[in-house]
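Please read the structure below before turning to the comments.
The values are calculated or read from the model by the stated rules, or taken from the named source; none is laboratory data. This one's a predicted model, so the numbers in the text were calculated from it and none came from an experiment. With ideal geometry, Cβ positions are generated from the backbone for all residues, glycine too; neighbour counts draw on all protein chains shown.
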Amino acid sequence: MLFLNQFVINFTGLKEGEHSFEFDLDNKFFEHFDYNDFNSCHLKAEVNVSKKSNLLEFSFNSKGLINVNCYVSNEPFDHLIESQMKLVVKFSSELINDNEDLLILPVGSSQLNAAQYLFEMIILSLPIKIIHPGVEDGSLESETLKKLKELESNVNEKSSKNDPRWDKLKDLI
């Protein structure tokens with residue numbers, strides 16, 4: 001937990017206006033959230049804070065490379081990732097959490113740990129299916145892809161043959 005203390009932003013001592021904080025994120029950061037899907041990662045995160053008299057506006061940005069395995073071929077590759085998120089922080093005695101872009105903190109709060117927000121922003125910006133660029137353009141050569149193409153041709157051959165049981169139904173049309 002001490003590792004995540006480096007992501008704490010103390011906003012009580014900040015003057016009104018714009019402030020910027022930078023963080024380097026690697027696998028150690030994601031391991032604290034029990035997330036081990038990356039082979040390796042090197043991300044730069046920037047948190048911009050706009051302090052106003054009655055609220056704070058946070059703008060989270062990250063950019064970098066993650067090394068992941070392709071979901072189709074299981075080949076490792078570097079995937080460029082960019083993500084952005086905005087968060088408004090207000091202070092109130094009532095804690096209402098019905099909006100994901102609005103955070104209500106108790107009056108008198110002095111800091112915010114940005115680690116959870118950075119983690120969620122990066123993970124939610126990942127595509128559902130991460131595919132190696134070589135698979136998409138056909139330039140990647142691997143045993144897995146050869147086997148998939150072979151199996152795909154077998155499926156296409158079977159689906160192209162007509163089933164005689166359905167031919168009578170076509171006559172009804």
Scanning for something free of Cβ contacts under 8 Å to residues at least 60 places away in the same chain, assigned to a strand (DSSP E or B) and either of a type in the set (D, E, K, R) or farther than 28 Å from PHE38 by Cβ (or both), does segment 121-143 turn up at least one residue? no
Could you tell me whether VAL47 is assigned to a strand (DSSP E or B), among the β-branched types (Val, Ile, Thr), modelled with pLDDT of 90 or more and buried (at least 16 other Cβ atoms within 10 Å of the Cβ)? yes
Those residues of segment 59-80 which are surrounded by fewer than 19 Cβ atoms within 10 Å (Cβ to Cβ) and among the hydrophobic types (A, V, I, L, M, F, W, C) amount to LEU65, VAL72, LEU80
Looking only at residues in segment 72-111 that are small (Gly, Ala, Ser) and within 30 Å of GLY134 (Cα to Cα), which one is modelled with the highest pLDDT? SER83
Filter pass, ASP98 being in a strand (DSSP E or B), on the phi < 0 side of the Ramachandran plot and of a type in the set (Asp, Glu): no
Of all residues in segment 91-130, which are surrounded by 13 or more Cβ atoms within 10 Å (Cβ to Cβ) and more than 29 Å from LYS28 (Cβ to Cβ)? PHE91, LEU102, ILE104
Given (1) without any contact (Cβ under 8 Å) to a residue 40 or more places away in the chain; (2) not in a strand (DSSP E or B), where does ASN74 come up short, assuming only one miss? (1)
Looking for whichever is part of a strand (DSSP E or B), closer than 19 Å to LEU14 by Cα and hydrophobic (A, V, I, L, M, F, W, C) here; the options are LEU80, LEU87, LEU65. Which one fits? LEU87
Give all pairs with beta carbons closer than 9 Å in which a residue from segment 14-40 that is at negative phi meets a residue that is among the β-branched types (Val, Ile, Thr) and part of a helix (DSSP H, G or I); count only pairs at least 6 apart in sequence or on separate chains. LEU25/ILE122; PHE30/ILE122; PHE30/ILE123; PHE33/ILE123; TYR35/ILE123; ASP37/ILE123
